[in-house]
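Bear in mind that the values in this text are calculations on the coordinates, not laboratory data. The structure presented is a predicted model; accordingly, all values stated were derived computationally and were not measured. Using ideal geometry, Cβ is built from the backbone for each residue, glycine included, and neighbour counts are taken over all protein chains shown.
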Amino acid sequence: MTAYEGAAGRFWMLMPNGQWVPLTERALTRHLVELKYSARRPANGGLSPVERELNRIQRDSAVAYAGPIAGMAAGVHQVYGQRLLVTTSVAPISAKAGAFPLLGGLFERMFCHGGIDQRPIFFGWLKSAITSLRARKFRPGQALVLAGPPGSYKSTVQNLTTRILGGRTAKAGRYLQARTEFSRDLVAAEHWAVEDDAEGLHPTSRAAFAARLKEAVANESFSLHAKGCDALCVRPLRRVTISLNSTAEALQALPPLVDGLRDKVILLRVAPGDLRIHERECGGWEPLFQKLGDELPAFVHFVENFQIGDEHHDSRYGVRSFHHPDLLATIGDLAPENRLLGLLDRFLLSSTQPDWRGTSEAVEATLREKCPELTMTLFSWAGACGTLLGRLAGSRPDRVRAARTADRREWCIGVNLTP
């Protein structure tokens, strides 16, 4: 079986071992000669049998793309009107009933603390991902955020997730933060991982992060854009994980959990898993990680048979979104709209003026004059004040409300606005 990838100008051939291999025209010619196609041209002119077969492949077996696509079986597929050749495929790790004491203890210490057991959320998220990949059928899945102190095995959970989902991962930070448009490596991986490289984002970058995270989580179609090629619409099956420290500074890297994104993110607070005793017993981290990997078939069997309770079930994602209250409180305190509300209370409102009405430009000008140092980062991008007032109108309608005149939008700001 053969195919021709016109965009790259190369042929592909399915080998006896089941592998699709890219070939130049010259290399494919050798294989065709081995298959008894003659390279000799007729005495009266015309093309040789090999040349006619090459033309036939280019004409009848052309594909718009050849390469891996996450979640799709190897072979030729028709996707959004385009013929695509998926060259390799993987499946989630095989399940086998058994015990997984190391993994079970690790997850208990990481996810069960402070009176909150987050394990059902984690297990439900994994179950939805595994079920989707086994069926090779798209189902949206939230971005899983693991926030905890250094040494809490966040990256270990991400590495184990990669193995569970078939072994292919891509570093998704640059794409999700809109620092690149190229996405071929993402299309080829079932697991998109971001590890601590979202910290220090500018507010406009966080907005782009939010938009692309929504796309990655919820949209069935995805734009495959490789260097030097036109973009194609494909249907990769993928899951996104993000690990970062739980400090206030690190959590600022997350996009604002506003309407439209809130239900697309699971935010878990991770405590130190402490595997040091087991690491000493095993003679180092690598032997211990191998033991953790050996328990994965039993853990996958448990996850696939895990019953998601009614309190956690969601008809769209499989498991309902969850945001740990401690992390949510920290994010809320740091949210720029809440910082703006604090400045409004200090510098715009007073006991003699409990209510104020005007444009976002007037708000910004007043605050820049009265507290220039505090507003330097808050209003560091065009339209920031209006955007933040809009968020406050959604989250605190008792404090901020939009009002429109015949020719402009104004904002009503007060200590306690009446409905």
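In the elastic network of the chain, a GNM with C-alpha springs shorter than 10 Å, the most mobile of Tyr317, Tyr153, Tyr80 is Tyr80. Take every DSSP beta bridge whose two residues both sit in the chain; close to 55 percent of them are antiparallel.
Can you compute the charge dipole magnitude of region 101-324 about its Cα centre, using +1 on each Lys and Arg Cβ and -1 on each Asp and Glu Cβ, nothing else charged? Give it in debye, rounded to the nearest 20.
Result for region 101-324 is approximately 600 debye, rounded to the nearest 20.
Close amide-amide hydrogen proximity is noted between Leu224 and Leu232, Cys233, Val234, each under 5 Å apart and 5 or more residues distant or on a separate chain (H modeled in the peptide plane; Pro and chain starts excluded). Sorting Leu213, Leu417 from the fewest to the most surrounding beta carbons within 10 angstrom yields Leu417, Leu213. Between Arg276, Arg134, Arg239, the Gaussian network model of the chain with springs among Cα atoms under 10 angstrom shows the greatest mean-square fluctuation at Arg276. Per-residue Cβ neighbour counts within 10 Å put Thr169, Thr366 in the sequence Thr366, Thr169, beginning with the fewest.
Comparing Arg59, Arg391, Arg408, which has the greatest mean-square fluctuation in the GNM of the chain with Cα pairs linked when under 10 Å apart? For the chain, modelled as a Gaussian network with Cα springs under 10 Å, the answer is Arg408. Between the listed residues Leu14, Pro272, Leu349, the Cα displaced farthest toward the positive end of the dipole of the chain, a dipole computed from Cβ unit charges relative to the Cα centre, is found at Leu14.
Label zone of Lys291 (point 7 Å out along Cα→Cβ, amide N under 20 Å): in region 261-282 this covers 272-282. For His323, the residues 5 or more places off, or on other chains, whose built amide H falls under 5 Å of its own are Leu267.
Protection proxy ranking, highest mean first, for peptides 27-38, 63-74, 289-300: 63-74, 289-300, 27-38, where packing is the per-residue count of other beta-carbon atoms within 10 Å, averaged.
Stretched out straight at 0.36 nm per residue, the stretch from Ala406 to Ala43 would grow longer than its current Cα-Cα span by 122.1 nm.
Exposure proxy ranking for Ser321, Ser155, Ser132, based on other Cβ atoms within 10 angstrom of each Cβ and starting from the fewest, stands as Ser155, Ser321, Ser132. Over the chain, dividing the summed -39,500 (n - 2.57) contributions of all DSSP H runs of at least 4 residues by the number of residues returns a 222 nm mean residue ellipticity of -11500 deg cm²/dmol. Think of each Lys and Arg Cβ as +1 and each Asp and Glu Cβ as -1; about the Cα centre, that makes the dipole of the chain roughly 1420 debye.
Its Cα gyration tensor gives the chain an equivalent ellipsoid, and the semi-axes of that ellipsoid, as √(5λ) in whole Å with the largest first, are 50, 31, 17.
Kindly provide the GluC sites (Glu not before Pro) of region 310-419 that DSSP labels as loop, not H, G, I, E or B, and whose Cβ sees at most 12 other Cβ atoms within 10 Å.
Values: sites: Glu311, Glu337, Glu361, Glu364, Glu369, Glu373, Glu410; in loops: Glu311.
Answer in residue order: Glu311.
Between the amide H of Val194 and those of Ala172, Thr241, Ile242, Ser243, distances stay under 5 Å, these residues lying 5 or more places away or on another chain, with hydrogens modeled in the peptide plane.
For region 1-99, the share of DSSP beta bridges that are antiparallel, to the nearest 5, is 70%. Counting only residues at least eight positions apart within a chain, or on another chain, the aspartates and glutamates with an alpha carbon under 17 Å from that of Lys36 are Glu25, Glu51, Glu53. Between the beta carbons of Gln78 and Cys112, assuming R0 = 60 Å, the FRET efficiency works out to 0.80 to the nearest 0.05. Our note on the geometry: Cα centres of region 118-191 and region 26-72, 39 Å apart.
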